[in-house]
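First comes the structure, then the notes that go with it.
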Amino acid sequence: MLGFSRKNEFEVDGRTVVITGGSDGMGRAAAGLLASRGAHVVVVARTEAKLQATVTELKSKAANMLKQRFHYIVADLTEASECERVIAEINVWNEGSAPDVVWCCAGFCHPGYFIDVPVNIQRQQMDTVYWTAANMAHATLKNWLSPVPPSGQMRTDRRHLIFTCSTLAFVPIAGYGPYSPAKAAIRSLSDTLSQEIEMYNGAYSQRHRNSAPAADVKIHTVFPMGILSPGFDNEQKIKPELTKTLEEADKPQTPEEVAQIAISALERGEYLITTMFVGNVMKSTALGPSPRNSIVGDTLMSWLSNLAFLQVIPDLRNKAFNWGKTNGLPQPPCAE
Ligand SMILES: NC(=O)C1=CN([C@@H]2O[C@H](COP(=O)(O)OP(=O)(O)OC[C@H]3O[C@@H](n4cnc5c(N)ncnc54)[C@H](OP(=O)(O)O)[C@@H]3O)[C@@H](O)[C@H]2O)C=CC1
Ligand SMILES: CCCCCCCCCCCCCCCC(=O)[C@@H](N)CO
């Protein structure tokens, strides 16, 4: 081969990919792109009609219509038992094999000032944002990491568990109190699992001596900025004006753009993935103890971002203060 080519760390041709929240927005776009790269795709969400439409679309995007298979499962992933069922059904559909990639995209945002949003809705945000991802990760990893005796061990390619977060996990914006904490919790889970998984990967490296998992596993988390999705249209209807002002630096991307950029980063083997420059700055100021994609690049970016944020954080707080000074207290929210 001529020229420089780097190994693709995220080969999906002929492999089975599960996408939660795969019937809309970024999840649906990612499903389409992976279908066009030769993956068998299973989409999971609550509304059957949207899933059916998605599977029809996936068939039209397949790289090889005769070889590739597509499937959907209706499930509310806030229930742990539903995630177990989803994984069990996929193992059967996949002729006894576990899926190779699980990408958690389910979730939506209910913005609003903290005291204006009823506590039960805030709990629901934790359920739809954090628990759909954590439940799915639990069911998936239990399936992937169950020990196989040496006699049953064959070479299996690396498996990937991918979370979808938001740059709001890194930087606070007033009006996202019901949502950002759930995304920050996903980031913490991702960092913890990326360390814990090394124990299993170590056992796998010695698989011919001991019982070990059937494959090596890698964790990744994607941190988009705004995505022009059906979910985004809903949140814009109830979002406080101040929040819209504070997030002016965000230029929302299409689901296809976000999915394409995320997949390219997965192919480069990145761990914490952002989709545009401002997102990278937000990540870099909050990088803390997370594993780096590159030592030099991430370290330089974190120094520069920390300098920028000496100004950004006071500026956001001033804008909030001046908003109150000018406009007084917000109107109470409309009845839901
Ligand atoms: N839109 C944005 O601006 C941003 C979004 N994100 C995150 O990116 C991800 C994708 O967002 P977006 O593209 O807007 O997606 P959408 O809001 O357009 O779609 C959400 C998907 O999740 C599914 N879903 C929601 N709740 C559940 C549930 N309890 N169980 C199973 N499936 C569920 C929906 O289907 P159904 O309703 O039928 O179940 C749908 O397929 C989300 O995690 C979101 O938080 C991050 C940054 C910005
Ligand atoms: C030079 C660097 C300056 C940085 C300034 C900070 C600007 C903050 C932008 C906030 C962007 C929020 C995007 C995520 C939105 C999201 O997750 C919801 N829409 C959920 O659906």
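The values are calculated or read from the model by the stated rules, or taken from the named source; none is laboratory data. Quick caveat: nothing in here was measured; it's all calculated off a predicted structure. Positions of Cβ are backbone-derived with ideal geometry, glycine not excepted, and every protein chain shown enters the neighbour counts. Heads up: the accessible areas ignore ligands, DNA and RNA and are worked out on the full protein's heavy atoms, side chains in. Shrake-Rupley method; radii C 1.70, N 1.55, O 1.52, S 1.80 Å.
What to note about this one:
- Shape of the range 15-108 from the C-alpha gyration tensor: oblate (a/c of 1.5 or more and a/b not above b/c, with a ≥ b ≥ c the square roots of its eigenvalues).
- Helix 25-36 vs. the chain, principal-axis angle (Cα, 0 to 90°, nearest 10): 30 degrees
- Helix-only mean residue ellipticity at 222 nm for the chain, each DSSP H run of n ≥ 4 adding -39500 (n - 2.57), per residue, nearest 500: -15000 deg cm²/dmol
- Range in the chain, longest, excluding exposed trypsin sites (Lys or Arg not before Pro) [loop by DSSP; at most 12 other beta-carbon atoms within 10 Å]: 210-336
- Between 0 and 90°, nearest 10: helix 295-327 axis offset from the chain longest Cα axis: 40 degrees
- Degrees between helix 180-205 axis and first principal axis of the chain (Cα, 0 to 90, nearest 10): 20 degrees
- Accessible-area composition of the chain, carbon plus sulfur, in percent [1.4 Å probe]: 58 percent
- Convex hull volume per residue, computed on the Cα atoms of the chain, equals 150 Å³.
- Accessible area expressed per residue, the range 16-117, with surrounding protein chains retained (probe 1.4 Å, Å²): 41 Å²
- Averaged per residue, the range 127-236 has 40 square angstrom of accessible surface, using a 1.4 angstrom probe with ligands and nucleic acids left out.
- Overall form of the range 244-294 per C-alpha gyration tensor (a/c, 1.5; a/b vs b/c): oblate
- Those GluC sites (Glu not before Pro) in the range 2-100 that DSSP places in a loop and that have at most 11 other beta carbons within 10 Å: 95
- Net length gained if the chain between residue 120 and residue 146 were fully extended (0.36 nm per residue, minus Cα distance): 5.7 nm
- Once the chain from residue 295 to residue 325 is taken as fully extended at 0.36 nm per residue, the excess over their C-alpha distance is 6.4 nm.
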